[in-house]
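What follows is a short report on a single structure.
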Amino acid sequence: MEGLVRERLPQHVAIIMDGNGRWARRRHLPRVAGHRKGIERVREIIETCLEIGIGYLTLYAFSKENWRRPSQEVRTLMELLDHHLREELPSMMEKGIRFRAIGDRWELSPHLQELLAHIERRTSSNSNLTLCLALSYGGRAEILKATREIARMVLEGKVSPEEIDEDLFSQHLYTSGIPDPDLLIRTSGEYRISNFLLWQSAYTELYITHTCWPDFDRDAFIRALKDYQQRERRFGLTTEQLRTGVR
Ligand code: IPE
Ligand code: IPE
Ligand code: MG
């Protein structure tokens, strides 16, 4: 466990995998070289989660805003995704990984949509690690989607406005059934959320590192987990209340 306390491990880690382009540029390589190297790190971090027993890992792979990138880069990213998802299915089965895609998937190619649905179905009974891949994902769009669904239910008389609570709302997000992230890591030193898990990260601990994603290895991940284990999560209470358990 490398100095980690098992009882204080985050149940759910979410990562904004940023800095592939800068990593490549510093090496005078095309941006895609950063994306390729980044995929190796995805494998390494998944492996580490399985090894130390983290139950949920959510990776921000492509935002809704990323559609506005040069079409060549978008195309390459989609090809990489398609290729590696296909390649990884046997290993997901072998390792007991349950796969789930979150985001506005109708914006993806029909082919990729089918592939995602296929992998979700095949891995649905696995239970060692739930791997959520955020694709064409935007937190605001997700909140609007939930709002629209609930508004429709109100119109149909299935719920009253008073019955709309946080639980009901959460059930209409893409992450329904998945616990909120305990730890959110962002690589490459950007201090922003970039429209990721806006609702779900209300009380998530943030960890920002200047390391770019293609350099974010197992050791860097363990460092982030150790940092997390030093935190006191108060959820609005006082330290005193937490220590004594008296409310
Ligand atoms: C993250 O790296 C990968 C995606 C957003 C798809 P970037 O491609 O954003 O790399 P930088 O931020 O330009 O360095
Ligand atoms: C966030 O990174 C999205 C992903 C990592 C997939 P960006 O590189 O798109 O974020 P901004 O544009 O710098 O905020
Ligand atoms: Mg970026």
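The values are calculated or read from the model by the stated rules, or taken from the named source; none is laboratory data. Predicted, not measured: the structure shown is a model, and the values here were computed from it. Reconstructed Cβ throughout: ideal geometry from the backbone, glycine too, with neighbour counts over all protein chains shown. For accessibility, only protein heavy atoms count, side chains too; no ligands or nucleic acids. Shrake-Rupley method; radii C 1.70, N 1.55, O 1.52, S 1.80 Å.
One table, with the values for the structure above:
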read-out: Residue that is under 24 Å from Asn66 (Cα atoms) and at pLDDT 95 or above, where the choices are Ile150, Ile178, Ile119; value: Ile119
read-out: All positions within the stretch 170-206 that are open to solvent by 30 Å² or more (accessible area, probe 1.4 Å), assigned to a strand (DSSP E or B) and of a type in the set (A, V, I, L, M, F, W, C); value: Leu206
read-out: Considering residues of the stretch 6-33 that are within 27 Å of Thr175 (Cα to Cα) and open to solvent by 40 Å² or more (accessible area, probe 1.4 Å) only, the residue nearest to ligand 2 (Cβ to nearest atom); value: Gln11
read-out: Whichever residue in the stretch 127-167 is open to solvent by 20 Å² or more (accessible area, probe 1.4 Å), in contact (Cβ under 8 Å) with a residue 24 or more places away in the chain and part of a loop (DSSP other than H, G, I, E, B) and, among such residues, is nearest to Val13 (Cα to Cα); value: Asn128
read-out: Residue within the stretch 65-87 that is more than 13 Å from ligand 2 (Cβ to nearest atom), within 20 Å of Glu190 (Cβ to Cβ), in contact (Cβ under 8 Å) with a residue 60 or more places away in the chain and among the hydrophobic types (A, V, I, L, M, F, W, C) present; value: no
read-out: Residues of the stretch 106-125 that turn out to be outside any helix (DSSP H, G or I) and open to solvent by 30 Å² or more (accessible area, probe 1.4 Å), as a count; value: 3
read-out: Condition check for Arg36: within 16 Å of ligand 3 (Cβ to nearest atom), touching a Gly at 6+ places or on another chain (Cβ under 9 Å) and open to solvent by 50 Å² or more (accessible area, probe 1.4 Å); value: no
read-out: Residue that is of a type in the set (A, V, I, L, M) and over 16 Å from the mean Cα position of the chain (by Cα), where the choices are Ala134, Ala101, Ala117, Ala61; value: Ala117
read-out: Count - residues of the stretch 55-69 that are out of contact with any strand residue (DSSP E or B) (no Cβ under 8 Å at 6 or more places or on another chain) and either open to solvent by less than 20 Å² (accessible area, probe 1.4 Å) or away from ligand 1 (no atom under 11 Å from the Cβ) (or both); value: 1
read-out: Unmet criterion (only one of (1) in contact (Cβ under 8 Å) with a residue 24 or more places away in the chain; (2) under 15 Å from the mean Cα position of the chain (by Cα)) for Cys212; value: (2)
read-out: Long-range neighbours under 6 Å by Cβ, at least six apart or interchain, first residue more than 9 Å from ligand 1 (Cβ to nearest atom) within the stretch 17-39, second charged (D, E, K, R); value: none
read-out: Residue in the stretch 43-56 that is at pLDDT 95 or above and closer than 20 Å to Ser194 by Cα present; value: no
